[in-house]
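Some notes on the structure that comes next.
The values are calculated or read from the model by the stated rules, or taken from the named source; none is laboratory data. In this text, all values refer to a predicted model and were calculated from it rather than measured experimentally. Here Cβ is always computed from backbone atoms with ideal geometry, including for glycine, and neighbour counts include all displayed protein chains.
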Amino acid sequence: MTVRRVGIVGCGQLAQMMAQEARPLGIEFSFLAEGGENTTCVEGLGTIVQITDDADIESLYRAMGEPKVITAEREGVSAELLRALEKFCPVYPRPDAFEKTQHRLREKTAITAAGLPVAPFLPANNYDEICAAVKQLGYPSFIKSCEHGYDGKNQWRVNSDADLAAIANDVPASEYVVEKGIHFSREVSLIGARTADGKVVTYPLAENDHYNGTLLVSTAPAPHVSEELQHTAETYLATLMNAWDYVGVLAMECFVSDDGLLINELAPRVHNSGHWTLAGAKTSQFANHVRAILGMELGDTAAARPAVMINMLGVDKKPALQNEGVWSYGKELRPGRKMGHVILLDDSQEALATRIDSMLEELYGETKRPA
């Protein structure tokens, strides 16, 4: 029997859940660790290979067990590394997708090139250019670093000239996107998977609530979503996937605004806002990602009951309240760190809303928010 092996660049919790979900399909895994990264999350799930300064790409590929396909668990991976690995086997999603999404300006340019809407934005390379962009776009505006910005990091909201002056020393010469602040009622995200032959499946839209820029709660299906909004989001995602000849799972975060649905960010990988699928859908986003990159038939994405995922940020415990499962990533405890998540299912959105509140209180105390 031929062994199907998947190589994953990265050794965090997303790689962990990919392997855990797909191993029952008879698939084996190996993991490539960059820059001495911590490998605790994937220990025992497959071969772990460390990139060293003197390692050549072919040797790394052989050490990984010559996988049939290679993927990555984060968009910050080196596109150059992925292109080098592509000489030995397919890399999905393709390196171009990572290169686009790991840089805010390239990402927004790629989205608009596909004819899809984003909030008005301008590029800037230093404080003076930031000021000029804010003057043109108006207040409020967001200044976001083109690279190394996630979970609210390396971005600033300015509501006035005083706010803008206050960040003068926080924005050294670098690449930024200045984005016009828009009024939106909520943030939603759509997770979809596409195979190399163009088959696409999508999950119900999820509504996301953040705390200090980090996702805290995702509810799916998002309450009070019309068929039109779901269809619009699916059309956006399919348009991007087809334009990029995309293979695997793609996550799309959007604002529901007065001007319609606007795309905020993309992630060329399984995504935090899709973790609810581990218990809330017949086939999880992790299993469908692996199915897609191996050319297997994609699984059912329907949500039988309303579901919610609550991130455990800076807490690592098993809640006593009823739940559908607690996923602990096995990482060292740090303030604000994603230590795991808990999933709740119920028969109605109303019942689920009450349980979310109770679970947040058990995890975080009276404030119901991380410290």
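So the values come out like this:
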quantity	calculated
Where a residue in segment 78-103 is closer than 24 Å to residue 243 by Cβ and its partner, wherever it lies, is among the hydroxyl-bearing types (Ser, Thr, Tyr) and not in a helix (DSSP H, G or I), with Cβ under 7 Å and at least six apart	92/71; 93/246; 97/246
Positions within segment 1-32 being farther than 19 Å from residue 50 by Cβ and β-branched (Val, Ile, Thr), in sequence order	2, 3, 27
Condition met for residue 3 (at pLDDT 95 or above and of a type in the set (A, V, I, L, M, F, W, C))	no
Residue within segment 345-352 that is assigned to a helix (DSSP H, G or I), outside the structural domain of residue 12 (by TED's automatic domain parsing) and touching a His at 6+ places or on another chain (Cβ under 9 Å) present	yes
Selection from segment 286-310 of residues that are surrounded by 24 or more Cβ atoms within 10 Å (Cβ to Cβ) and under 20 Å from residue 346 (Cα atoms)	307, 308, 309, 310
Qualifying positions in segment 52-105 - surrounded by fewer than 17 Cβ atoms within 10 Å (Cβ to Cβ), among the basic types (Lys, Arg) and assigned to a helix (DSSP H, G or I)	62, 83
Failed item in (1) modelled with pLDDT of 95 or more; (2) on the phi > 0 side of the Ramachandran plot, with residue 336 passing the rest	(1)
Residues of segment 248-265 that turn out to be at positive phi and either assigned to a loop (DSSP other than H, G, I, E, B) or buried (at least 24 other Cβ atoms within 10 Å of the Cβ) (or both), as a count	1
Only listed residue being in contact with a strand residue (DSSP E or B) (Cβ under 6 Å, 6 or more places away or on another chain) and either loosely packed, with under 14 Cβ neighbours inside 10 Å or not in a loop (DSSP other than H, G, I, E, B) (or both), chosen from 355, 334	355
Subset tally (residues that are over 21 Å from the mean Cα position of the chain (by Cα) and crowded, with 17+ Cβ neighbours inside 10 Å) for segment 6-28	2
Unmet criterion (only one of (1) touching a residue at least 12 places away in the same chain (Cβ under 8 Å); (2) of a type in the set (Lys, Arg); (3) within 26 Å of residue 162 (Cα to Cα)) for residue 135	(1)
Residue in segment 222-232 that is more than 19 Å from residue 112 (Cα to Cα), in a strand (DSSP E or B), charged (D, E, K, R) and outside the structural domain of residue 134 (by TED's automatic domain parsing) present	no
Residues (assigned to a loop (DSSP other than H, G, I, E, B) and either among the acidic types (Asp, Glu) or over 18 Å from residue 4 (Cα atoms) (or both)) located in segment 34-49	34, 35, 36, 37, 38, 39, 43
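Yes/no per residue for (1) under 21 Å from the mean Cα position of the chain (by Cα); (2) in the same structural domain as residue 193 (by TED's automatic domain parsing); (3) modelled with pLDDT of 95 or more:
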{"position": "295", "(1), (2), (3)": "no, yes, yes"}
{"position": "299", "(1), (2), (3)": "yes, yes, yes"}
{"position": "318", "(1), (2), (3)": "no, yes, no"}
{"position": "322", "(1), (2), (3)": "no, yes, yes"}
{"position": "327", "(1), (2), (3)": "yes, yes, yes"}
